[in-house]
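One structure below.
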Amino acid sequence: MSTPARPAAGVIPGTEPQNPHAAGTRPRTAASRLLIPREHGAWGLVSLPFLAGAAVAGDWANWPVLAALLAVFSVFLLRAPLLVLWRAAGKHNRAEIKEAQFSLGAYGLLTTAAGFYLLAHLPPVPLLLLGGGVALLTLAVLYFSVHNYQRHPALQIASVIGLTASSLLAYLAARGQLDGTAFWIWTLSAAHGSASVLVVRARLEAIVAARNSSPAGFPLTHRRHALLAQTGILLLWGALAIGGKPWLILPFLPPFALHGWELAHLGSGKARRTSLRRVGYMQLGASVSFCFLLIAILR
């Protein structure tokens with residue numbers, strides 16, 4: 001029996017978009033030329049904080065919020081063609097390059113249109129600072145992904161920080177300004193997202209070792225990173241309690257319980273045989289509960 005292939009990095013939230021031309025994918029037709037990132041975790045990391053930012057800000061049913069939504073997702077989608085083009089530099093895969101160029105043009109047009117609309121209706125300084133920060137972080141993530149460093153915990157956390165910054169743009173579009181509440185949403189969302197990514201990474205490490213019958217035994221590298229992240233969450237709780245905001249701990253309770261259970265049972269045979277699809281659904285459920293509890297507390 002052949003050894004199962006190592007799961008692609010794209011299944012992990014916050015990593016680089018998957019190569020749409022990898023082996024096993026169906027050829028694209030002319031009607032499906034747009035490159036779309038397939039990692040479900042990253043979609044949640046950009047969507048749920050945006051929802052929290054808009055909902056907490058209050059006046060979310062307006063055109064600036066719609067434009068902000070378009071801007072956030074078009075920038076998110078831009079990573080896929082940019083990564084393909086960067087990796088294809090010096091190669092001669094015309095079909096791959098043409099598809100990436102088409103996607104880049106479509107997403108770039110949407111980003112430009114949404115950006116000009118937001119500049120005309122929102123304060124330019126925070127908007128430009130947000131746009132510049134996200135652009136720099138996107139370039140950094142692409143650079144390290146091209147050089148195969150996308151699995152490094154620091155890069156994964158940096159990617160989470162960038163994705164969850166969608167909450168700031170949503171809040172700015174809904175309220176017209178940024179304040180302390182907006183930064184609390186971003187900080188807490190980034191902390192939760194980072195911990196989730198590292199737990200999923202540890203789970204993937206265990207699953208790969210089980211499938212490959214690793215002679216080194218149960219791997220611990222990513223499990224240590226995940227445990228450090230959970231320790232960081234506990235330190236954050238202590239800081240919130242000391243700072244007089246203990247109620248902000250509440251959204252973390254469901255995901256913290258799930259992550260603690262996962263890490264405690266990671267070495268068991270049953271846990272290591274759990275499918276990544278099921279792991280993803282569990283993480284999504286924890287993230288949704290985090291999002292709605294955060295909205296309920298801060299509104």
Inset, instruction - Identify, from the list P81, P7, P13, the residue that is buried (at least 20 other Cβ atoms within 10 Å of the Cβ), modelled with pLDDT under 85 and closer than 29 Å to L276 by Cβ. - result: P13
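The rows are residues; the columns are (1) assigned to a helix (DSSP H, G or I); (2) modelled with pLDDT of 95 or more; (3) farther than 21 Å from P255 by Cα; (4) hydrophobic (A, V, I, L, M, F, W, C).
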{"position": "T138", "(1), (2), (3), (4)": "yes, no, yes, no"}
{"position": "Q156", "(1), (2), (3), (4)": "yes, no, no, no"}
{"position": "I161", "(1), (2), (3), (4)": "yes, no, no, yes"}
{"position": "Y171", "(1), (2), (3), (4)": "yes, yes, yes, no"}
{"position": "W184", "(1), (2), (3), (4)": "yes, yes, no, yes"}
{"position": "T187", "(1), (2), (3), (4)": "yes, yes, no, no"}
{"position": "S194", "(1), (2), (3), (4)": "yes, no, no, no"}
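Take A95 and decide whether it is assigned to a helix (DSSP H, G or I), hydrophobic (A, V, I, L, M, F, W, C) and open to solvent by less than 40 Å² (accessible area, probe 1.4 Å).
No, not satisfied.
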Inset, instruction - Residue by residue through the stretch 175-202, note down the ones that are more than 22 Å from K245 (Cβ to Cβ) and crowded, with 21+ Cβ neighbours inside 10 Å. - result: V197, L198, V199, V200, R201, A202
Legend entry - Breaking point among (1) surrounded by 13 or more Cβ atoms within 10 Å (Cβ to Cβ); (2) modelled with pLDDT under 95, for S213: (1)
Inset, instruction - Say whether the condition of being open to solvent by less than 20 Å² (accessible area, probe 1.4 Å), modelled with pLDDT under 90 and closer than 26 Å to G162 by Cα is met by at least one residue in the stretch 47-70. - result: no
Inset, instruction - Within the stretch 260-279, identify whether any single residue is within 18 Å of the chain's Cα centre (by Cα), part of a helix (DSSP H, G or I), modelled with pLDDT under 95 and aromatic (F, W, Y), and answer yes or no. - result: no
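Yes or no, residue by residue, for (1) farther than 26 Å from H225 by Cα; (2) under 18 Å from the mean Cα position of the chain (by Cα):
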{"residue": "L119", "(1), (2)": "yes, no"}
{"residue": "P123", "(1), (2)": "yes, no"}
{"residue": "L139", "(1), (2)": "no, yes"}
{"residue": "F144", "(1), (2)": "no, yes"}
{"residue": "H147", "(1), (2)": "no, no"}
{"residue": "Q156", "(1), (2)": "no, yes"}
Legend entry - Enumeration of residues in the stretch 240-256 that are assigned to a helix (DSSP H, G or I), free of Cβ contacts under 8 Å to residues at least 24 places away in the same chain and open to solvent by less than 60 Å² (accessible area, probe 1.4 Å): L240, A241, I249
Inset, instruction - Provide a single number: the residues in the stretch 26-46 that are closer than 18 Å to Y281 by Cα and either in a loop (DSSP other than H, G, I, E, B) or at pLDDT below 85 (or both). - result: 5
Legend entry - Conditions (1) open to solvent by less than 70 Å² (accessible area, probe 1.4 Å); (2) within 26 Å of L298 (Cα to Cα); (3) out of contact with any Pro (no Cβ under 7 Å at 6 or more places or on another chain): number failed by L118: (3)
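The values are calculated or read from the model by the stated rules, or taken from the named source; none is laboratory data. What you see is a predicted model, and the numbers here were worked out from it, not measured in a lab. Quick reminder, even Gly has a Cβ in these numbers, built from the backbone with ideal geometry, and neighbours come from all protein chains shown. Ligands, DNA and RNA are stripped out before the accessible areas are found, and what is left, the full protein with its side chains, is counted by its heavy atoms. Shrake-Rupley method; radii C 1.70, N 1.55, O 1.52, S 1.80 Å.
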